[in-house]
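Below is one structure, written out as structure tokens; comments come after it.
The values are calculated or read from the model by the stated rules, or taken from the named source; none is laboratory data. Note that this is a predicted model, so its numbers are computed, not measured. FYI the Cβ positions are ideal-geometry reconstructions off the backbone, even for glycines, and counts take in every protein chain you see. SASA here: full protein model, heavy atoms, side chains in, ligands and nucleic acids out. Shrake-Rupley method; radii C 1.70, N 1.55, O 1.52, S 1.80 Å.
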Amino acid sequence: MNHIEDNEQICLMEWAAAQSGKFPELSLIFHIPNGGKRNAREAARFKRMGVKAGVPDLFLPVPRGGCHGLFIELKAPRGRLSDYQRVWLERLKASGYAVSVCYGCDEARRDILRYLELEKANRR
């Protein structure tokens, strides 16, 4: 993740914390620390520990609308998905998870709120 993506994610997590009174489920969202630069020794250790290329950045483990939870890949405004990321997103979706690729904090907030509102929409 680059510095722009880092800042967008920090913005998103601060928003989630501020909104957790209205949406308590947001207290469950977490970052999956799969990215980042590491030296070869540390990278090998992390790989043995289960780090896998392409895993999305964030997970909201809250079921909605028939999905088990929401995975979010957060990109910088001009970011691109890697082939590994595409494969992970396809596999997660096929396994019953909602997935979202968001270009910035604002898109991520919008997609999270849409996801959280799915249960209310299904009751109407």
Please tell me if I10 is surrounded by fewer than 14 Cβ atoms within 10 Å (Cβ to Cβ), at pLDDT 95 or above and within 13 Å of the chain's Cα centre (by Cα).
yes
Inspect all residues belonging to segment 15-24 and state whether any of them is more than 14 Å from the chain's Cα centre (by Cα), farther than 20 Å from G104 by Cα, of a type outside the set (V, I, T) and assigned to a helix (DSSP H, G or I).
yes
R109 versus (1) out of contact with any strand residue (DSSP E or B) (no Cβ under 6 Å at 6 or more places or on another chain); (2) modelled with pLDDT of 95 or more; (3) open to solvent by less than 30 Å² (accessible area, probe 1.4 Å): which is the lone unmet condition?
(3)
Single match in K93, K75, K22 (criterion: of a type in the set (K, R) and surrounded by 15 or more Cβ atoms within 10 Å (Cβ to Cβ)):
K75
Would you confirm whether any residue within segment 38-56 is in contact with a helix residue (DSSP H, G or I) (Cβ under 6 Å, 6 or more places away or on another chain) and either without any contact (Cβ under 8 Å) to a residue 12 or more places away in the chain or of a type outside the set (A, V, I, L, M) (or both)?
yes
